[in-house]
């Protein structure tokens, strides 16, 4: 696997629309395309020679990206893409005579009485649960060493998914969770407002025997405590036969 | 308690009561053919419940090995509880009838009851280290390395009889990790499997992980 | 607790409250470096700072020296730096009398804190003397031997060592920390704080005299490590298993850092969270995320009761760095691409991938996160070609 193989020499530059005057000196460069969106001007092109590079860098607050074939954008000094090229419609800068900025609209807002929601968080938490597919889990358990399996309890859903609890988590693809007070929060998210899981349980009206697992969309699903069984090769084989 | 009841309690409760198996003249009593048949029937039934807990497919059961393992365990438990048996009788009854051909199937069949050997040796040593029973059990432990993981001071053991059987090797490795028996890491295949099982998580077996960390990977 | 113990704990707290605390308020975004300066100072060990020029490294050390009312020696090493420039010239008058005596006034041998910028420029002429300073805190020249008052040596560089002689030098720095430019969104604060520092002509007030630091260093062995020793050994083993080389010598020495973390919190008992210092033992950038993930996992067992007494750095979870995560995923990919990796190697790759995959979830930028997740999935499919990675399993729907 080569992880950054899909780099091309395509580039894109993005800067605030307030600096539109800088486009003037670029008008005669062949093949440049332009797009105005959300108060930003985007420019893209194929070959970036030194002279053009210098001209682009002179535009205030501009960010230069290389464009992957997938449309992902990587900043010059980085290797992990951090943006995506807007879809367009792109116009040839050559043809683009008059600069018209679209009026900024207000984002639609639903007036819903939202009590608790999930928001992205970069504060790390412990990881103690994993959701994966039944097939992956079953293959793992019947071939994993006993010492690993002993640590886990699992619950199966009707959609052939499994929620596994216990650490260290099985090294399997899937979504990892942080479980606290019977609430499973997807890793990378936190409750907002951050009232703590004990209070959140009350808000969610969960009885003591019920656990809840959140999705990234902020919805949750109830799981009876009793649906967890101790993991063992026999238990997994038996579930499979059912 | 007859051997039939004995195996049932051993497998299900892990607690057994044993009566003496030596008659008034000091001779070992042998189970009747009917008892043997019943013991085998039960052992096979219990093994069906045990089998799904193993990794992969264990080898087929062999009556000889299955019965012999149960008989040795039965006798050893009896000698442990009834201390009035002379050492010659103990040695004769535990050491003279070892199954001749050792294959994965024999190892597995014997192991079904002999897997309790480490506990038995611990109990016997607690009574008296000098006891001839301890010596006999240690000999059994060397002969049946699959069943004796965790027994200290055995020295090197030969696991060639079953090491090529995937299921038994996995069972063996599970036991090495559970007991933390570093003396069993001398076989390269076992070493590699233990390393694989522990992976990054030395907390799963701290003692073994320390040993592994001191052995370079190429070894 | 006898009264001496009480004094020691109080001094540890004082160092945190009167020296490190005010420094953190003065330097924006440098808490991590300051905390590491703190533990290395108390532990009497050397700190390596990796980072580009202009990231306030020198200013930090100067401020620390000033707040300790200590003597500082700082020097920018070049490939041509001579021993005289660090240790002092020979005394001319005595030389005339036929004696070789070094005039150390104002030089490294007299300093409490030593800061060597561009450390890896050290050439063979000074390397041996430097190694002695770093290891044994002595300086030998001819028949002279100086026992140095050095509390701590801080080395800085913009890169990591590539050749072996410099690796030996780097090895003498027990802990390593990055000092980068602060993110753009905090630049305003940096500029403001920097301006007000410039305005303050007076040196910052001394918070704790250097003598107290010496007392703290001498009291290090009075800290009880009993409670954490098992966890400490287990964590070292885990890191070694993960391929992080930690020599026995380093494992022994790192205990001083654990003790130092406890003293800085005013404790004479080390607790589990003091093991945070192990996050800073990396040899190269690729190891950083993995070590952090492994150490954090061990610290996850820290109980709530303990959290009140814990060192702030142990609770301050570092945000994952997408570039480093990407490098680590690439490293796993490389290992799996080697010819027929053994089962043990594959198992370790699985465990590492599992840890890193979760860390990717904390990357803030959606594009970066998605990219990394794709790389993670590619690696899962290399590990298990027959299994498709679950595609974002859908959950049920009872709206909150």
Fill in the blank from the handout: Taking only the alpha carbons of the range B:110-219, the radius of gyration and the largest Cα-Cα distance, Dmax, both in angstrom, are 14.4, 44
Completion exercise
Across all Cα atoms of the protein assembly as shown, Rg and the largest Cα-Cα distance (Dmax), in Å, are 33.9, 118
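How shielded is A:140-153 by partner chains, expressed as the average number of their Cβ atoms within 10 Å of its Cβ atoms?
Numbers: counts 3, 1, 4, 4, 4, 15, 11, 12, 8, 3, 3, 2, 0, 0.
Shielding by partners across A:140-153 averages 5.
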Problem - Kirkwood hydrodynamic radius over Cα pairs of the range B:1-130, then Stokes diffusion coefficient at 10 °C and 1.306 mPa s, in µm²/s - result: 103
Exercise for the section: Give me the angle, in degrees from 0 to 90, between the Cα long axis of helix A:134-143 and the longest principal axis of the Cα atoms of chain A, rounded to the nearest 10. Expected result: 60
Fill in the blank from the handout: Contour minus Cα-Cα span, residue C:233 to residue C:96, at 0.36 nm per residue, comes to 43.6 nm
Exercise for the section: Write down the Kirkwood hydrodynamic radius of the range A:7-95, to one decimal in angstroms, obtained as one divided by the mean of 1/r over all alpha carbon pairs. Expected result: 13.0
Practice task
Take the alpha carbon atoms of the range C:39-105, find their center, do the same for the range C:308-381, and report the distance between the two centers in whole angstrom.
Solution key: 39
Completion exercise
Tilt, helix C:3-14 to longest principal axis of chain C (alpha-carbon atoms), in degrees rounded to tens, equals 70
Handout entry: the range C:228-286-the range B:69-127 distance, computed between alpha-carbon centres (Å)
Key = 47
Handout entry: Neighbour-count order for C:366, C:351, B:64, fewest beta carbons within 10 angstrom listed first
Key = C:366, B:64, C:351
Handout entry: Average beta carbon contacts from partner chains per residue of A:124-132, 10 Å cutoff
Key = 5
Exercise for the section: Please work out the Kirkwood hydrodynamic radius for the range C:38-102, using every pair of different C-alpha atoms, and report it in angstroms with one decimal place. Expected result: 14.9
Exercise for the section: Set the Förster radius R0 to 56 Å, insert the Cβ-Cβ distance between residue C:377 and residue B:47 as r into 1/(1 + (r/R0)^6), and round the FRET efficiency to 0.05. Expected result: 0.85
Problem - Spherically averaged projected area in nm², based on the convex hull that wraps the Cα atoms of the range C:322-383 - result: 3.6
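Mind pulling the per residue volume of the convex hull built on the Cα atoms of chain C? Å³ is fine.
Normalising the Cα hull of chain C by residue number yields 188 Å³.
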Completion exercise
So residue C:309 and residue C:286, fully extended at 0.36 nm per residue minus their Cα-Cα distance, gain in nm 5.1 nm
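Kirkwood Rh, Cα Rg: Rg to Rh for the range B:69-124?
On the Cα set of the range B:69-124, Rg over Rh gives 0.99.
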Completion exercise
With Cα coordinates, the longest principal axis of chain B makes an angle with the long axis of helix B:63-81, in degrees rounded to 10, of 70
Exercise for the section: Order by neighbour count: B:13, B:181, C:171, fewest other Cβ atoms within 10 Å first, most last. Expected result: B:13, C:171, B:181
Problem - Mean-position separation - Cα centroids, the range B:158-184 and the range B:25-63, in angstrom - result: 22
Exercise for the section: For chain B, with a Gaussian network of springs between Cα atoms less than 10 Å apart, report the residue from B:30, B:78, B:93 with the top mean-square fluctuation. Expected result: B:30
Exercise for the section: Treat chain B as a sphere of radius equal to its Kirkwood radius over Cα pairs and apply Stokes-Einstein at 4 °C in a medium of 1.567 mPa s; give the translational diffusion coefficient in µm²/s, rounded to a whole number. Expected result: 71
Completion exercise
Out of A:197, A:167, A:55, a Gaussian network model of chain A with alpha-carbon springs under 10 Å gives the largest mean-square fluctuation to A:55
Handout entry: Calculated FRET efficiency for the pair residue C:188/residue A:19, C-beta based, R₀ 35 Å, to 0.05
Key = 0.95
Exercise for the section: Give the Debye-formula value of log10 I(q)/I(0) at each listed q (0.08, 0.10 Å⁻¹), with one equal scatterer per alpha carbon of the range C:3-213, two decimals each. Expected result: -0.30, -0.47
Problem - Peptide B:54-64, shielding by other chains (average Cβ, 10 Å cutoff) - result: 1
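Values in this text are rule-based calculations from the coordinates and carry no lab data. In this text, all values refer to a predicted model and were calculated from it rather than measured experimentally. Methodologically, a virtual Cβ is constructed for each residue, glycine included, from the backbone with ideal geometry; neighbour enumeration extends over all protein chains shown.
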